[in-house]
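Working notes, beginning with the structure itself.
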Amino acid sequence: MERRRDGEYGSVGVWEWGDAILSEWAVSIFSSVLTCSYFSLAPSLPLHASSNLDLVMDPSVDSAVIKTSDLTRRFGDLIAVDRLNIQILRGEIFGLVGPDGAGKTTTLRMLSGLIDPSEGQALVAGYNVASKVDSVRDRIGYMAQRFALYGDLTVQENMVFYADLFGLSRSERDDLMARLLRMTRMEPFRSRRAANLSGGMKQKLALMCTLLHHPQILLLDEPTNGVDPVSRRDFWAILYELVKDGVTILITTAYLDEAERCNRVGLLHRGRLIRCDSPEGLRNNMAEICYEIKSPDQKRAREILRGCEGVLSVEPSGATLHLFLSPSQTSAETLRRALEGRRLGATEFRQIVPSLEDAFIALIAKAGWAAPP
């Protein structure tokens, strides 16, 4: 329903939408900052947290807050998301990881109701996104890649503006803003225009506006893309504190080091989910064995090994090679002899625990795709 609301910055046209109120300007940037339900932040939010978060779940209760069943989205002949099946548990950080074009953003847009799936269904907070989109939007916060707040307004003015849109009382607004500014360490910059913020600060401001009506579920689309390492660390510290308050977070990223910070990770490639597990599980639960190889001629060694039976993948890693082999088909000793027989000199094989990057490349190769560049 459309009506007028008087806020600190004058009268604006607004639309009532469940518990939320959106302005005629905010509707135009809805896909960048979307959040509707509210529960207060804890009074004290420390900034340092361990990435090893423990999930305490009651097995008698269905704790999945996001479920997809063969979720598919086509754009003409292009299948952007191909029969995606995931379950995300209440109170966890779930990372959807993959290169550009893997289908990460399309997945989030379907989960938030911004686009319809071509096939399949998605349940968010117990509601079918296709038929109960308003109920879903009442419970989620969506932060897109593109910064779309008002550059001419200061940090505080942007927050006051969105607080007015969401119908917060002055006392609620002032209390919540103070906590958010303190949590993000943005208090010294509250009077700085948004256009003059660094990339990391812009992302913090977008997150604060998303949290003004604190959602149960956060959908974050590559929020640290292009952000410096210190700001990335601060941003993740904020996410850990939100999880402690009961928020469920689905975050997309192309950074595999960030995937290490998640409770569980879904590896996405060409629209398909390759594997879903904890970071530790992805590294340790492969049937193939990973070796680090040192050879006098790394380039030629790689060429030879790629043609050997039982080698799943062999890729450069700094000054060494990382190789996955199938133990039922070959062994490190067999491959070592093959290299030495080609007069490459002494070659060292050392079994190692693979990194997530190693596992991702090997799993892509196992699925029959070429490794990403």
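The values are calculated or read from the model by the stated rules, or taken from the named source; none is laboratory data. Just so we're clear, the structure is a prediction, and the values are computed from it rather than from any experiment. Heads up, the Cβs are rebuilt from the backbone with ideal geometry, glycines too, and the neighbour counts pull from every protein chain shown.
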Worksheet entry | Top-ranked residue in the stretch 142-195 [being among the polar types (S, T, N, Q) and part of a loop (DSSP other than H, G, I, E, B); ranked as modelled with the highest pLDDT] | SER191
Fill in: Filtered residues of the stretch 219-261 (kept if assigned to a loop (DSSP other than H, G, I, E, B), touching a residue at least 60 places away in the same chain (Cβ under 8 Å) and crowded, with 20+ Cβ neighbours inside 10 Å)
GLU222, PRO223, VAL247, ARG261
Worksheet item: Listed residues ALA194, ALA259, ALA178; which is under 19 Å from GLU157 (Cβ atoms), touching a Leu at 6+ places or on another chain (Cβ under 7 Å) and among the hydrophobic types (A, V, I, L, M, F, W, C)?
Response: ALA194
Practice prompt. List the number of the failed condition for TYR291; all other conditions in (1) touching an Asp or Glu at 6+ places or on another chain (Cβ under 9 Å); (2) within 17 Å of ALA346 (Cα to Cα); (3) modelled with pLDDT of 95 or more; (4) not basic (Lys, Arg) hold.
Written response: (1)
Worksheet, complete the sentence: Residue hits (the stretch 332-351; within 17 Å of VAL311 (Cα to Cα) and surrounded by 15 or more Cβ atoms within 10 Å (Cβ to Cβ)) are ALA332, LEU335, ARG336, ALA338, LEU339, THR347, PHE349
Worksheet, complete the sentence: For the stretch 124-141 the number of residues that are touching a residue at least 12 places away in the same chain (Cβ under 8 Å) and either assigned to a loop (DSSP other than H, G, I, E, B) or not assigned by TED's automatic domain parsing to the domain that holds THR72 (or both) is 6
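Listed here are the residues, each with its yes/no results for (1) more than 30 Å from ALA259 (Cα to Cα); (2) in contact (Cβ under 8 Å) with a residue 12 or more places away in the chain.
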residue: PRO316; (1), (2): no, yes
residue: THR320; (1), (2): no, yes
residue: ARG336; (1), (2): yes, yes
residue: LEU339; (1), (2): yes, yes
residue: ARG343; (1), (2): yes, no
residue: GLN351; (1), (2): no, yes
residue: LEU356; (1), (2): no, yes
residue: PHE360; (1), (2): no, yes
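Please find, among GLU288, GLU292, the residue that is more than 28 Å from PHE161 (Cβ to Cβ), surrounded by fewer than 20 Cβ atoms within 10 Å (Cβ to Cβ) and touching a residue at least 60 places away in the same chain (Cβ under 8 Å).
Numbers: GLU288 fails: surrounded by fewer than 20 Cβ atoms within 10 Å (Cβ to Cβ).
One residue alone meets the criteria, GLU292.
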Worksheet item: Taking strands (runs of 3 or more DSSP E) that fall entirely within the stretch 262-373, which contain at least 2 residues that are in contact with a Pro (Cβ under 6 Å, 6 or more places away or on another chain) and not basic (Lys, Arg)?
Response: 289-294
Worksheet item: Of everything in the stretch 99-123 that's over 18 Å from the mean Cα position of the chain (by Cα) and part of a loop (DSSP other than H, G, I, E, B), which residue is surrounded by the most Cβ atoms within 10 Å (Cβ to Cβ)?
Response: PRO117
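Pick out the one residue from PRO327, PRO316, PRO354 that is surrounded by fewer than 17 Cβ atoms within 10 Å (Cβ to Cβ) and under 16 Å from ASN285 (Cβ atoms). Please lay out each step first, then the result.
Numbers: PRO316 fails: under 16 Å from ASN285 (Cβ atoms); PRO354 fails: surrounded by fewer than 17 Cβ atoms within 10 Å (Cβ to Cβ).
After applying the criteria, what remains is PRO327.
Checking the condition farther than 30 Å from ILE274 by Cβ and among the β-branched types (Val, Ile, Thr), which residue from VAL124, VAL155, VAL97 passes? Let's see the steps before the verdict.
Details: VAL124 fails: farther than 30 Å from ILE274 by Cβ; VAL97 fails: farther than 30 Å from ILE274 by Cβ.
The match here is VAL155.
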Fill in: Top-ranked residue of the stretch 216-237 - restricted to ones that are over 28 Å from LYS67 (Cα atoms) and of a type in the set (A, V, I, L, M, F, W, C), ranked as modelled with the highest pLDDT
VAL230
Worksheet item: Quick one: is GLY200 more than 29 Å from THR68 (Cβ to Cβ) and either without any contact (Cβ under 8 Å) to a residue 60 or more places away in the chain or in a helix (DSSP H, G or I) (or both)?
Response: yes
